[in-house]
Amino acid sequence: MKVYIVGTGYVGLVTAVCLADLGHLVCGVDIDPEKIETLQNGGCPIYEPGLTELLKKNLEEGRLSFKVDIGSEINEYDVAMIAVGTPERERDGRADLFYVAQTAKQIALHTTKNMLVVIGKSTVPIGTAQQISESLVSHNSVTSFHVGSNPETLREGNAVADFMQPDRIIMGGDIIATGCLRQLYEKIECPKVVTDTCSAEMIKLTANFMLAQRISSANALAQICEASGANIENVMQGVGLDKRIGPYFLQSGVGYGGSCFPKDTKNLIAIAKHHRIDHAIFQTVVDVNESQICYFMRKVEEMAIMTLKKRVIAIWGVAFKPETDDVREAPSIKIIKELLEDGAIVRVFDPVANVRREFSGKITHCDDMYEAVHGAEILLIVTEWECFKSADLKKVKSLMETPKIVDGRNIFNPSEMKQLGFKYSSIGRP
Ligand SMILES: NC(=O)c1ccc[n+]([C@@H]2O[C@H](COP(=O)([O-])OP(=O)(O)OC[C@H]3O[C@@H](n4cnc5c(N)ncnc54)[C@H](O)[C@@H]3O)[C@@H](O)[C@H]2O)c1
């Protein structure tokens, strides 16, 4: 098929590259000329394992192209997919549909053919596909548009594999839109859930809410464990073996971040409020997550003794999770802000991500993990990158001013750390 993808960010770019690799002819479009120039030259503007190789291959084999701005070439394509950002609206937390609306208008204005399938991939409030449809018709009364919803379920850091071998594909829309989606994904074998667009949109919000809810539950339970002498890791191992519960998303830590869970949970709360549905469960998931940073910072303050002012604090990991360069809504940002407010001197290391834009000139970015701990009084572990798990801890100890670690991701064994001579604190473990 010929696929036109609007938005070449984390979702749009992975979708474009993977659909091209499945044999489709794909054009990725973005309003950011710098991003498009990088892509046209075979460069990848984001860090995502395996993506650069696949991008180059499909460019060379002629199935993939990129261009700035939607234009009349859209008429050469069978389907247009919308993968633009839907950031949180400041006023009420609802997803801001400005970019989606802009895209729908541009698609309508440039389409002259009889029929076009338009698929929403962005995460949106329920009913957005219908609004896209109304917008298309209001700007173009000639073309027959069929709007579907195919919310993206990939995980950053594992996006290519998730796209190619997903647990399921959600297809919402009328028979023409879902027929188009079936054809698009015919080479991918997995359960395909075919439904209406509202349910498809709700599936995405529900999945992210349920996952965020599990993390917040694990974090709230970790606090009980720590206060009462239980070990959250052992507790969750025991609990996760219950087939009704399963082992995933039960890790406690510094809380969830990233471009999806924080905004999608708040979007769901705004939607619930709009419908006068006011159950505490929705807000509690967000509140627990926000309070988890305070819980972590209390540990840091206790470890620092008396004050953080002028204390050198090292941070390992600023990405919101391993294997990505994404720092949107990352817990590291809130932690660094608090440390700076308290007058600490902050040194960070992350294998691929950085927070230079957020803290320009205010903190030191180090070139390796050992450089970061040089002279530090406390090391904070904020992202569980593999390289940290195999760190030479004797070397770390010798480089630090005082051997103290607050581990927000529970990557080390508390008794081993004690044996090595560290003062060590983690989440939910005695
Ligand atoms: N990042 C994820 O892991 C993930 C996973 C599933 C779903 N989603 C959802 O997918 C959507 C996109 O997320 P993302 O992380 O890829 O965002 P992103 O910010 O990385 O990318 C969005 C891209 O859209 C471009 N854009 C904006 N307006 C445009 C327009 N009018 N025409 C062309 N391009 C335009 C921007 O320049 C940007 O490159 C969001 O709704 C998000 O919630 C994200």
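Structure above, values below:
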{"read-out": "Residues Ile132, Ile281, sorted so that the one with the fewest Cβ neighbours within 10 Å comes first", "value": "Ile281, Ile132"}
{"read-out": "Formal net charge of residues neighbouring Cys27 (Cβ-Cβ distance under 14 Å; K, R +1; D, E -1)", "value": "-2"}
{"read-out": "Highest-MSF residue in the chain out of Pro414, Pro151, Pro87 [GNM, Cα springs under 10 Å]", "value": "Pro414"}
{"read-out": "In nm, spacing of pseudo-spin labels at Ser144 and Lys337 (7 Å Cα→C-beta vector)", "value": "5.1"}
{"read-out": "Entries in Lys309/Lys395; Lys321/Lys394; Lys362/Lys418; Lys334/Lys404 that, when Cα-Cα distance is taken, lie over 30 Å", "value": "Lys362/Lys418"}
{"read-out": "Pairs of lysines in region 2-195 (C-alpha under 17 Å apart; 8 or more residues apart or interchain)", "value": "10"}
{"read-out": "Virtual spin-label span in nm between Asn234 and Glu76, 7 Å along Cα→Cβ", "value": "6.5"}
{"read-out": "For the chain, the longest site-free run once GluC sites (Glu not before Pro) in DSSP loop states with at most 16 other Cβ atoms within 10 Å are removed", "value": "190-357"}
{"read-out": "Between helix 51-60 and the chain: long-axis angle, C-alpha atoms, 0 to 90°, nearest 10", "value": "30"}
{"read-out": "Global geometry of region 2-195, whether rounded, prolate or oblate, following the gyration tensor of its Cα atoms and the 1.5 cut on a/c", "value": "rounded"}
{"read-out": "Helix axis angle, 175-184 relative to the chain longest principal axis, alpha carbon, degrees", "value": "60"}
{"read-out": "Footprinting exposure proxy for Thr307, Thr324 (fewest neighbouring C-beta atoms within 10 Å first)", "value": "Thr307, Thr324"}
{"read-out": "Summed residue charge, Cβ within 13 Å of Glu416's Cβ, Lys/Arg positive, Asp/Glu negative", "value": "+4"}
{"read-out": "Net charge contributed by nearby residues that have their C-beta within less than 15 Å of Cys180 (K/R +1, D/E -1)", "value": "+3"}
{"read-out": "DSSP-defined antiparallel bridges as percent of all bridges, region 2-195, nearest 5", "value": "5"}
{"read-out": "Of all DSSP beta bridges in region 261-394, antiparallel share, percent nearest 5", "value": "0"}
{"read-out": "Beta bridges per DSSP with both ends in the chain, % antiparallel, nearest 5", "value": "5"}
{"read-out": "Arg311 long-range amide H proximity, modeled H, under 5 Å", "value": "Ile345"}
{"read-out": "Backbone HN-Hα couplings from phi across region 317-327 [Karplus 6.51/-1.76/1.60, Hz, Gly and Pro as x]", "value": "x, 10, 4, 6, 7, x, 6, 9, 9, 6, 10"}
{"read-out": "Gap separating the Cα centres of region 211-276 and region 21-49, nearest whole Å", "value": "35"}
{"read-out": "Note, ³J(HN,Hα) from phi for region 22-27, Karplus 6.51, -1.76, 1.60, rounded to Hz, x at Gly and Pro", "value": "7, x, 7, 9, 10, 10"}
{"read-out": "Spatial extent of region 197-430: Rg and Dmax, with the Cα atoms as the point set, Å", "value": "18.3, 58"}
{"read-out": "Linear extension gain, Gln419 paired with Ala272, 0.36 nm per residue minus alpha-carbon span", "value": "47.9 nm"}
{"read-out": "Residues Asp174, Asp167 arranged by fewest to most Cβ contacts within 10 Å", "value": "Asp167, Asp174"}
{"read-out": "Folded to 0 to 90 degrees: helix 197-228 orientation relative to the chain principal axis, Cα", "value": "10"}
{"read-out": "Cα-based Rg / Dmax (Å) for region 250-361", "value": "15.9, 49"}
{"read-out": "For the chain, alpha-carbon Rg relative to the globular expectation (2.2 N^0.38 Å, N residues)", "value": "1.06"}
{"read-out": "Efficiency of FRET from Cβ geometry, Lys113 and Glu189, R₀ 30 Å, rounded to 0.05", "value": "0.40"}
{"read-out": "Under Karplus coefficients 6.51, -1.76 and 1.60, residue-wise ³J(HN,Hα) of region 420-425 in Hz, glycine/proline x", "value": "6, x, 8, 8, 10, 10"}
{"read-out": "Estimated inter-spin distance, His365 and Arg244, nm [label 7 Å along Cα→Cβ]", "value": "4.9"}
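Each value in this text was obtained by applying a stated rule to the coordinates, not by laboratory testing. Worth saying up front: this structure is predicted, and the values here are computed from it rather than measured. Ideal geometry is used to build each Cβ from the backbone, glycine not excepted, and the neighbour counts take in all protein chains shown.
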